[in-house]
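Notes follow once the structure below has been shown.
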């Protein structure tokens, strides 16, 4: 599987603590009604852009055979710790290929919004199509313009005993791009034990 470097590597520990668990909890109802009810309980599931593996863990704990892919080596390392019964690889959504066939592919938590061109989105969808079993299910989500217009601006911080993270979110309305920049600082202990 191929990959490109990820901007999430330095942010992975904060993501693991604050975003991954929240997204996993929020996704469960949709997963159950839209995906899990349509595949066998031991079915193969590809978690594309799996982050720190919290959703993969939920699926593996329920008996699904889970493979997780993410472009961030740091997030994949955390996913391996969070969901030891799943299999994880570092791979980019636009470049991966798999000889395995999956009954379901999921890509949640606005992950595909990181693909900044229609060409890259098409490449990711083609890669998903190539690894789907006949009759497979593909569930993904995307942030649309409305979310960026109504809630994507400003800054916030997370201050913990062993870490500090400051985030600034901005939108470029001319280019129709949104981004966030994060500065993350850890004590020696925080960087190891997150």
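We did not get these values from a lab; they are worked out from the coordinates using the rules stated. Everything numeric here is computed off the predicted structure, so don't read it as measured data. Heads up, the Cβs are rebuilt from the backbone with ideal geometry, glycines too, and the neighbour counts pull from every protein chain shown.
At full extension, residue 172 and residue 28 could sit 48.6 nm farther apart than now, given 0.36 nm per residue minus the alpha carbon distance. Taking N as the residue count of the chain, its C-alpha radius of gyration divided by 2.2 N^0.38 Å amounts to 1.03. The alpha carbon centroids of segment 74-146 and segment 8-67 are separated by 11 Å. This ranking places 170, 41 by how few other beta-carbon atoms lie within 10 Å of each, fewest first, which gives 41, 170.
Between residue 130 and residue 37, the modelled labels are 3.3 nm apart [label points 7 Å from Cα along Cα→Cβ]. Rounded, prolate or oblate: which one fits segment 3-100, using the alpha carbon gyration tensor with axes a ≥ b ≥ c (rounded when a/c is under 1.5, else prolate when a/b beats b/c, else oblate)? It comes out oblate by the Cα gyration axes.
Among 80, 179, a tally of other beta-carbon atoms within 10 Å of each Cβ gives an order, fewest to most, of 179, 80.
At a Förster radius of 35 Å, what calculated FRET efficiency corresponds to the Cβ-Cβ distance of residue 142 and residue 185, to the nearest 0.05?
Working: r = 31 Å, r/R0 = 0.90.
That pair, residue 142 with residue 185, gives E of 0.65.
Highest mobility in the GNM of the chain, judged by mean-square fluctuation with C-alpha springs under 10 Å and restricted to 54, 103, 174, is found for 174. The simple spin-label model puts a point 7 Å past each Cα toward its Cβ; for residue 97 and residue 85 those points are separated by 3.3 nm. GNM remark for the chain: springs join alpha carbons under 10 Å apart, and the peak mean-square fluctuation among 172, 92, 70 falls on 172. Of 138, 96, 125, which has the largest mean-square fluctuation in a 10 Å C-alpha GNM of the chain? Comparing 138, 96, 125 in a Gaussian network model of the chain, the most mobile one is 125. With a simple spin-label model that places each label point 7 Å from the Cα along the Cα-to-Cβ direction, the separation between residue 160 and residue 7 comes to 2.2 nm.
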